[in-house]
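To keep things clear, I will list the structure first and then write my remarks on it.
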Amino acid sequence: MQNYKDFLENFDLRLKNYFNQHKSHIHCHIGCSSCCEKGDYPISQLELESLMQGYISLDNNTKINIQNNIKTMKRGEKCPFLINNKCSVYSYRPIICRVHGLAYILKTDCVKIPYCANEYKNYSDVYKNGEIIINPVTENLDTPEVLKDFDYGEIRNLYDWIKNAPQK
Ligand code: SF4
C-alpha cells in the first residue's frame with residue numbers, strides 16, 4: 001500500500017501537467033460533480049483498500065451520510081462517497097476518478113473522451129461528430145495500464161464491491 005501511495009504522488013503530478021496542457025478545454029470546477037453522479041466506477045481491490053482507508057479517516061457524521069447513501073445506492077448512479085457535491089475521500093479516490101475529465105489515447109486510433117464532452121463540458125469546443133480535433137494525452141490512463149506494475153487484484157464496479165461486501 002505504501003508503494004501505491006508513493007506512486008500516486010508522482011502520478012498526480014503527471015496528471016496535473018496533462019490537465020494544464022488541456023486547460024483551455026477543461027471545465028472541471030468545485031461544485032461540478034457530474035462525473036460522480038453517473039457511472040460504473042470500475043476499481044481494483046488495491047484501490048478499494050485505499051478508499052476504505054479514506055473512509056476510516058472520516059468523522060462519524062460523514063461516515064453516517066455515506067452509510068445512508070450506500071443503503072439507497074443504485075447501479076450506475078451516484079457514488080456514495082459524494083457528500084455535498086464533493087468527494088469525501090478525495091486523497092484516496094481511485095485512478096478512474098483521478099483521470100476523469102481528460103481525453104487520452106487508449107490504443108492506436110482509439111481515444112477515450114470524457115462523457116461530459118457530450119454535456120457541453122470538457123472538450124466540447126473541440127469535440128465534433130464523435131471526434132476530437134486536438135491531440136489527446138498520449139499516455140493510456142485506463143486503470144489496468146496505469147497499475148500494470150502493481151498486483152492490483154480483481155477489478156469490479158464500485159456497486160458490486162459494496163453490495164457484495166459482508167453486511168454488519
Ligand atoms: S470516489 Fe470520489 S471522485 Fe470518485 S466517484 Fe466517488 S465521490 Fe467521485
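A few comments on the model shown:
- The stretch 1-86 - charge dipole about Cα centre, Lys and Arg +1 at Cβ, Asp and Glu -1, debye rounded to 20: 300
- Rounded to 5, the percent of DSSP beta bridges in the chain classed as antiparallel: 90
- Accessible surface of the chain, 1.4 Å probe: 49 percent of it comes from carbon and sulfur atoms.
- Among the listed pairs 5/112; 78/121; 86/107; 23/112; 63/121, those beyond 29 Å (Cα-Cα): 86/107; 63/121
- In the chain, helices alone account for a calculated mean residue ellipticity at 222 nm of -10000 deg cm²/dmol, with every DSSP H run of four or more residues adding -39,500 (n - 2.57).
- Only protein heavy atoms count here; under a 1.4 Å probe, residue 99 has an accessible surface of about 10 Å².
- Rolling a 1.4 Å probe over the protein heavy atoms gives the stretch 1-156 an accessible area of 60 Å² per residue.
- Accessible area of residue 64 (1.4 Å probe, protein heavy atoms only, ligands and nucleic acids ignored): about 90 Å².
- Among the chymotrypsin sites (Phe, Trp or Tyr not before Pro) in the stretch 101-168, those located in a DSSP loop and surrounded by at most 12 other Cβ atoms within 10 Å of their own Cβ are 120.
The values are calculated or read from the model by the stated rules, or taken from the named source; none is laboratory data. As the structure is a prediction and not an experimental result, all values here were calculated from the model. When we count neighbours, we look across all protein chains shown, and the Cβ atoms used for this are built from the backbone with ideal geometry, even at glycine. Quick note on the areas: whole protein, heavy atoms, side chains included, nothing else; ligands and nucleic acids left out. Shrake-Rupley method; radii C 1.70, N 1.55, O 1.52, S 1.80 Å.
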